[in-house]
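The values are calculated or read from the model by the stated rules, or taken from the named source; none is laboratory data. Because the structure is predicted, anything quoted here is derived from the model rather than measured. For neighbour counting, all protein chains shown are included, and Cβ atoms are generated from backbone atoms with ideal geometry for every residue, glycine included.
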Amino acid sequence: MVGAGCAYSMINQSIADEIMMVGRTHEKAVAQALDLSHCMDFTSHRTKVYAGTLHDCGDMDIVIITAGPNPKPGQDRMTLLHEASEIVRDITDPIMASGFDGIFIIAANPVDVVTYLTWQYSGLPRERIIGTGTSIDSSRLKTILSDVFSIDPRSVHGYVLGEHGESQFVAWSHVTIGGKPLLHIMEQHALRFPELSLDDVALKTRDAGWEIFTRKGHTQFGIGNALAHIARSILYDEHRIIAVSAILDGEYNEQNVCAGVPAIISGEGIQEIIELRLEEHEQRQFHHSCQVIRSAIEQVQVMV
Ligand SMILES: NC(=O)C1=CN([C@@H]2O[C@H](COP(=O)(O)OP(=O)(O)OC[C@H]3O[C@@H](n4cnc5c(N)ncnc54)[C@H](O)[C@@H]3O)[C@@H](O)[C@H]2O)C=CC1
Ligand SMILES: CC(=O)C(=O)O
């Protein structure tokens, strides 16, 4: 679902010249590739789509990992930890053996842990390992706020930080609408938004994936576009700032962990991690979220 959703977004946005679909069931990858290749008469750019194997990844600029189990509705993504860590190991080894020397983008859950493991197993520099992290949560936050304030979501700026999961939080001190801090807007217009609770918005954002899961059993389009957005910023060297899961080495005073932070995404991968000046309570929330991710990593880490 996520892999096909991503490929569909990339084809429709003319992001890549060539996409190779890989799946555990090769016949399914062949079917997805054929189906996607039939989009071409209706798109502005011809993308060559075909199926291949993990051993054919040597020449790729980007490998996007979406292979993994899905949580059951309401289940913490961390319950997938052990199964996901085995899958990423199985996948990374043949990809690296094929000579791959590009950039990994990871969506498989629990994404912060899987991203960290991909870094360990691949041996690639940390800037070339990018998890979708809280990009989807930040987009969900903007969509929810855009409904409340009747403003285009693209005019709302702000980030969900930390885990793509239960311990994530909204850095409210950095949420702006049209350049104006949200907290100031709410102070100024207290009478206009009497019912608005930031805690409720944060919860609704965190649980937005489950709203979809309980109804259809998976999410696909939002994450597909998030992956395509990151891939575009790499392939077009756009230098977009996106909230991705990045391996931290001292940023935000954190180490040995991977968590959702804003970062400049360029042809190099993660060009720079943006260190926001967080309020003290936000810094504590970030640290707590990193602790949750770090302890999950420790449960599945093997020496490489
Ligand atoms: N980071 C995010 O925001 C999101 C993450 N996800 C995660 O993405 C992952 C995929 O979700 P869906 O696409 O809905 O699941 P799916 O079941 O539709 O697809 C999983 C794919 O992984 C492949 N696969 C599994 N084990 C493999 C292996 N060892 N080698 C090669 N291929 C293998 C399967 O063949 C299948 O094609 C899940 O972990 C899900 O939780 C889903 C939505 C959003
Ligand atoms: C599945 C998942 O992680 C999401 O849609 O948020």
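Descriptive notes on the structure:
To keep it simple, each residue is scored yes or no on (1) at pLDDT 95 or above; (2) aromatic (Phe, Trp, Tyr).
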position: LYS72; (1), (2): no, no
position: HIS82; (1), (2): no, no
position: VAL88; (1), (2): yes, no
position: PHE104; (1), (2): yes, yes
position: PRO110; (1), (2): yes, no
position: VAL113; (1), (2): yes, no
position: ILE129; (1), (2): yes, no
position: ASP137; (1), (2): yes, no
position: ILE144; (1), (2): yes, no
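- Pairs, first assigned by TED's automatic domain parsing to the domain that holds MET10 in segment 27-43, second within 16 Å of ligand 2 (Cβ to nearest atom) and in a helix (DSSP H, G or I), C-beta under 6 Å, six or more apart: GLN32/ALA4
- Every test in (1) farther than 28 Å from MET96 by Cα; (2) within 16 Å of ligand 1 (Cβ to nearest atom); (3) of a type outside the set (Asp, Glu) is passed by SER150 save one, and that test is (2).
- Subset tally (residues that are touching a residue at least 12 places away in the same chain (Cβ under 8 Å), away from ligand 1 (no atom under 14 Å from the Cβ) and of a type in the set (A, V, I, L, M)) for segment 195-230: 4
- Checking ALA67, ALA16, ALA108, ALA51 one by one, the residue that is in the same structural domain as GLU127 (by TED's automatic domain parsing), of a type in the set (Gly, Ala, Ser) and in contact with a His (Cβ under 7 Å, 6 or more places away or on another chain) is ALA51 and no other.
- Taking segment 209-237 as the range and being surrounded by 16 or more Cβ atoms within 10 Å (Cβ to Cβ), at pLDDT 95 or above and not polar (S, T, N, Q) as the test, the residues that pass are GLY222, ILE223, GLY224, ALA226, LEU227, ALA228, HIS229, ILE230, ALA231, ARG232, ILE234, LEU235.
- Any hit, segment 217-240, residues being in a strand (DSSP E or B) and in the same structural domain as PHE149 (by TED's automatic domain parsing): yes
The rows are residues; the columns are (1) touching a Pro at 6+ places or on another chain (Cβ under 7 Å); (2) within 29 Å of ASP61 (Cβ to Cβ).
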position	(1), (2)
HIS189	no, no
ARG206	no, no
PHE213	yes, no
TYR236	no, yes
CYS258	no, yes
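- Lone unmet requirement of (1) over 24 Å from ALA228 (Cβ atoms); (2) free of Cβ contacts under 8 Å to residues at least 40 places away in the same chain; (3) not β-branched (Val, Ile, Thr) for GLY158: (1)
- Subset of segment 176-209 [out of contact with any helix residue (DSSP H, G or I) (no Cβ under 9 Å at 6 or more places or on another chain) and within 16 Å of ligand 2 (Cβ to nearest atom)]: LEU203, ASP207
- Matching residues in segment 160-205 - criterion: being among the aromatic types (Phe, Trp, Tyr) and under 30 Å from ILE130 (Cβ atoms): PHE169, TRP172
- Considering residues of segment 133-151 that are in contact with a His (Cβ under 9 Å, 6 or more places away or on another chain) and among the charged types (D, E, K, R) only, the residue surrounded by the fewest Cβ atoms within 10 Å (Cβ to Cβ): LYS142
- ALA243 being small (Gly, Ala, Ser), touching a strand residue (DSSP E or B) at 6+ places or on another chain (Cβ under 7 Å) and over 21 Å from ARG154 (Cβ atoms): no
- Of everything in segment 6-33 that is among the aliphatic types (A, V, I, L, M) and part of a loop (DSSP other than H, G, I, E, B), the residue that is farthest from GLY222 (Cα to Cα) is VAL22.
- Qualifying residues in segment 170-196 (those that are small (Gly, Ala, Ser) and modelled with pLDDT of 90 or more) - the one surrounded by the fewest Cβ atoms within 10 Å (Cβ to Cβ): GLY179
- For ASP61, the test of being loosely packed, with under 14 Cβ neighbours inside 10 Å and either away from ligand 2 (no atom under 16 Å from the Cβ) or of a type in the set (Gly, Ala, Ser) (or both) is failed.
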